[in-house]
Protein chains: 2
Amino acid sequence: MRKSIFYHAGCSVCVSAEHDIINLVGSDNVEVVNIGEERSRISEAEQAGVQSVPALVTPNGNTLHINFGASIADVKG
Amino acid sequence: MRKSIFYHAGCSVCVSAEHDIINLVGSDNVEVVNIGEERSRISEAEQAGVQSVPALVTPNGNTLHINFGASIADVKG
């Protein structure tokens, strides 16, 4: 199975959701990307349809926005 | 592992998220509840912190609001 990608920006909402997603899906099945730190991957997240973080992009390309930590615009600053 | 509970109300956003969550977590690990039909479970969802559907309540009691289909108020009508 291809991995899902969990995009976050280090916010408390993001960290909580990250723990939940890893518990549910298994850490081997999720790549975790902090777009607050890995800023070169912000555009990749946007292209996947990520409008806010935390968000999970599934192996089939669907984007699940989970709770609400910060908008992409806020992460860009 | 205790099951997660996926609350939805039959909306298109809900159905799409349901497929994604079942693919990710496995259908054996999720109870799917349509609170638009099983209205007696609306209060249970509210007590778990569900403010909008679709939402996933994890085995440890955290509520993940996934995308946005409808508010609980809308489901109550």
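Since every read-out is calculated from the coordinates, none of them should be taken as a lab result. It should be emphasised that the depicted structure is a prediction, and the values quoted were computed from it without experimental measurement. Cβ coordinates were reconstructed from backbone atoms using ideal geometry, including for glycine residues, and neighbour counts include every protein chain displayed.
Some observations on this one:
- Cα-based helix-to-principal-axis angle, B:12-25 vs chain B, degrees rounded to 10: 20 degrees
- Entry note, chain B: the mean residue ellipticity at 222 nm calculated from DSSP H runs of n ≥ 4, each adding -39500 (n - 2.57), is -9000 deg cm²/dmol after division by the residues and rounding to the nearest 500.
- Gyration tensor (alpha-carbon) shape descriptor, the range A:1-57, a/c threshold 1.5: oblate
- Mean separation of Cα contacts under 8 Å, 6 or more apart, over the residue count of the range A:28-77: relative contact order %: 31 percent
- Other protein chain C-beta atoms within 10 Å of residue C-beta, averaged over A:52-58: 2.
- Amide H within-cut-off set for B:Gly10, under 5 Å, with H built and near neighbours excluded: none
- Rounded to 5, percent antiparallel among DSSP beta bridges of the protein assembly as shown: 65 percent
- Under 5 Å from the amide H of A:Ala70 lie the amide H atoms of A:Val53, each residue being 5 or more positions distant or on a separate chain, with H modelled from the backbone and absent for Pro and chain starts.
- In order along the range B:46-52, phi translates into HN-Hα couplings of 4, 5, 7, x, 6, 10, 8 Hz, rounded to whole numbers, per the Karplus curve 6.51 cos²θ - 1.76 cosθ + 1.60 with θ = phi - 60° and x for Gly and Pro.
- Chain A: antiparallel DSSP beta bridges as a percent of all, rounded to 5: 60 percent
- Plainly put, the tip 7 Å out from Cα toward Cβ on B:Ser16 is 2.6 nm from that tip on each other copy, the closest given first.
- About its Cα centre, the protein assembly as shown has a charge dipole of approximately 60 debye under the convention of +1 per Lys or Arg Cβ and -1 per Asp or Glu Cβ, with nothing else charged.
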